Structures are given as C-alpha cells and as structure tokens.
Amino acid sequence: MEDLNITNKFSSKSRLIALLLGIFLGGFGIHNFYLGKIGRGILKVFMHFIGTILFSIGFFESFDYGEIVFYIGLFMIFIPIIWAFFEWILIALGKTKDSEGLLIINW
C-alpha cells in the first residue's frame, strides 16, 4: 500500500510569512524568493529598478520626452506592485504553490 504522508502533498513553507513578505515587500518580489520562484522575483526586482531609474530621469531632467520617461518609469514601478497584490490574494486564499508545485496551506 502506498504511504499517504501529508508532508509530501503540501509545502512546508509558511503562508503567514509569504503573506507578510507579500504585503510589505511584494513590489520587490521578496515573497517570490521565499517561495522558491527565483525567476519571478528577479523579474520584479528588475522592473522596479528600471522603473525607478526612468522615473528619476523623467522627474529631474528637463528634455523633450522627459514626461513620457517619467510616466513609463511610474508604470514600470506599479506593475510589480499590482502583480504582487494579486499574488497576495492567492496566498491568503491558500491557492498558491511553491516552486515544487506544492500548495502552501500551513500557517
């Protein structure tokens, strides 16, 4: 008979830690690093970094397309934040999986 060990069915990661990281540092993708989703975390950090640079250039420099650069930077900063908000909802509902495909349900 097959061993039905519950630890093999669900992730050992804490939903509470993932939630707190998502709430306070979600725009930087820190909760993704915790869940083992390294590529997604790097993408969010990269988008936030590039967005901050573009935002700063557009804000402090006065050239013809400065306003466009400002808004592109602002947009790139807010994409990871909005993305993290939806991930936070999924974590709170217990619908998120870690990098191994295991549901994170333990608080």
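The values are calculated or read from the model by the stated rules, or taken from the named source; none is laboratory data. Computed from a prediction, not measured in an experiment: that's the story for all the values here. For neighbour counting, all protein chains shown are included, and Cβ atoms are generated from backbone atoms with ideal geometry for every residue, glycine included. Ligands, DNA and RNA are excluded from the accessible area calculation, which covers all protein heavy atoms including side chains. Shrake-Rupley method; radii C 1.70, N 1.55, O 1.52, S 1.80 Å.
Could you check segment 12-29 and list, in sequence order, the residues that are within 14 Å of W107 (Cα to Cα), open to solvent by 60 Å² or more (accessible area, probe 1.4 Å) and touching a residue at least 40 places away in the same chain (Cβ under 8 Å)? Full working, then the answer.
Of all residues in segment 12-29, those within 14 Å of W107 (Cα to Cα) come to 12-21.
Going one step further and asking which of them are open to solvent by 60 Å² or more (accessible area, probe 1.4 Å), we end up with 12-13, 16-17, 20.
Within segment 12-29, S12, K13, L16 meet the criteria.
When both residues are 6+ apart or on different chains and their Cβ atoms are under 9 Å apart, which pairs have a first residue that lies in segment 37-52 and is loosely packed, with under 13 Cβ neighbours inside 10 Å, and a second that is in a helix (DSSP H, G or I) and among the polar types (S, T, N, Q)?
Hits for this filter: I38/N32; G39/N32.
What number of residues within segment 66-100 satisfy the criterion of being within 14 Å of the chain's Cα centre (by Cα) and aromatic (F, W, Y)?
Selection size over segment 66-100: 5.
Which number in (1) in contact with a helix residue (DSSP H, G or I) (Cβ under 6 Å, 6 or more places away or on another chain); (2) open to solvent by less than 40 Å² (accessible area, probe 1.4 Å) marks the one condition that F55 misses?
(2)
For E87, are the conditions met, namely being over 11 Å from F28 (Cβ atoms), in a helix (DSSP H, G or I), open to solvent by 40 Å² or more (accessible area, probe 1.4 Å) and among the charged types (D, E, K, R)? Outline the logic, then answer.
Details: over 11 Å from F28 (Cβ atoms): yes; in a helix (DSSP H, G or I): yes; open to solvent by 40 Å² or more (accessible area, probe 1.4 Å): no; among the charged types (D, E, K, R): yes.
Considered against the rule, which asks whether it is over 11 Å from F28 (Cβ atoms), in a helix (DSSP H, G or I), open to solvent by 40 Å² or more (accessible area, probe 1.4 Å) and among the charged types (D, E, K, R), E87 comes out as no.
Return the residues of segment 48-80 that are out of contact with any His (no Cβ under 8 Å at 6 or more places or on another chain) and β-branched (V, I, T); say none if nothing qualifies.
If we filter segment 48-80 for residues that are out of contact with any His (no Cβ under 8 Å at 6 or more places or on another chain), which is where we start, we get 48-75, 78-79.
Across segment 48-80, the qualifying residues are I50, T52, I53, I57, I68, V69, I72, I79.
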